[in-house]
Amino acid sequence: MVKKVIGATATAAFVFLAWVPQAEASAITVTGGTLGCFAVAGGCPTFTANPWSGTEYDMYFYGANFNQLTDIGGSAGPFAIGEFGRDNDNLSSSSPDLDFSLEVTFTLPLGVNGSPATFSTVIVGKNSGGGGPVNVDFDNTPIHFTYSGGGGSGEFYFSVSDITGVNKNTTDPGKRHTLFGNITGATFTPDVINPNAAAVPEPATLVLLATGLMALSLRLRKSARKS
């Protein structure tokens with residue numbers, strides 16, 4: 001009987017030492033799409049998937065959908081979120097400033113409390129005019145999003161890169177300039193823990209319990225030898 005107790009005690013100690021809580025993954029799937037709008041004098045009347053700047057710049061934006069899974073560190077990118085191209089009109093040295101507004105709509109993860117199902121942001125880029133290849137200088141500050149839905153909640157940061165040197169005759173696929181997005185700091189925390197599941201002890205508690213079981217095992221061995 002003592003041998004059975006000793007064996008069971010040693011087995012339990014081994015199980016508890018090997019039982020460590022799993023690390024919480026921060027990988028999430030971020031899905032969405034982009035629209036755009038050009039405005040020479042500021043303001044943006046309508047967002048569309050394929051806006052045109054007008055004859056002064058003869059520039060196009062080509063919106064795109066994206067579906068990205070962040071790594072365990074909570075990052076994804078750079079990944080394509082659209083393209084720019086210019087037709088064959090020449091720019092003059094007196095070309096005015098050109099503003100471009102990028103609308104990014106996220107469909108996954110869900111918005112705060114799952115409502116609305118989608119949430120958006122607008123990021124503005126500017127070209128200083130004056131002729132030459134077109135640059136779109138975006139505000140590169142990461143935008144902070146929080147979400148709640150799908151069994152948990154979390155956050156992530158989204159930013160875009162600048163576009164430089166868009167020359168004429170670049171509207172054909174393969175000649176366009178790709179706009180890239182980046183996601184950082186993505187996290188996910190489950191809403192609730194299954195109340196029927198066994199509680200997972202902290203590592204320090206496991207060590208203390210295993211030590212106590214080992215001590216009990218040694219005492220039982222000594223008692224067995226004396227008897």
Matching option when the condition is out of contact with any Lys or Arg (no Cβ under 7 Å at 6 or more places or on another chain) and over 24 Å from residue 184 (Cβ atoms), among 127, 140 = 127
ask   = From 189, 146, which residue is more than 22 Å from residue 78 (Cα to Cα), modelled with pLDDT under 95 and among the hydroxyl-bearing types (Ser, Thr, Tyr)?
value = 189
message = When you scan the range 83-95, do you find a residue that is without any contact (Cβ under 8 Å) to a residue 40 or more places away in the chain, touching an Asp or Glu at 6+ places or on another chain (Cβ under 6 Å) and within 19 Å of residue 180 (Cβ to Cβ), even just one?
response = no
ask   = Just for strands (runs of 3 or more DSSP E) wholly inside the range 85-170: which have at least 3 residues that are within 22 Å of the chain's Cα centre (by Cα)?
value = 98-108, 119-127, 143-149, 152-160
message = Of all residues being over 18 Å from residue 161 (Cβ atoms) and of a type in the set (A, V, I, L, M, F, W, C) in the range 48-93, which is modelled with the lowest pLDDT? Just the residue, please.
response = 91
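The values are calculated or read from the model by the stated rules, or taken from the named source; none is laboratory data. Since we're looking at a predicted model, the values are computed, not measured. Ideal geometry is used to build each Cβ from the backbone, glycine not excepted, and the neighbour counts take in all protein chains shown.
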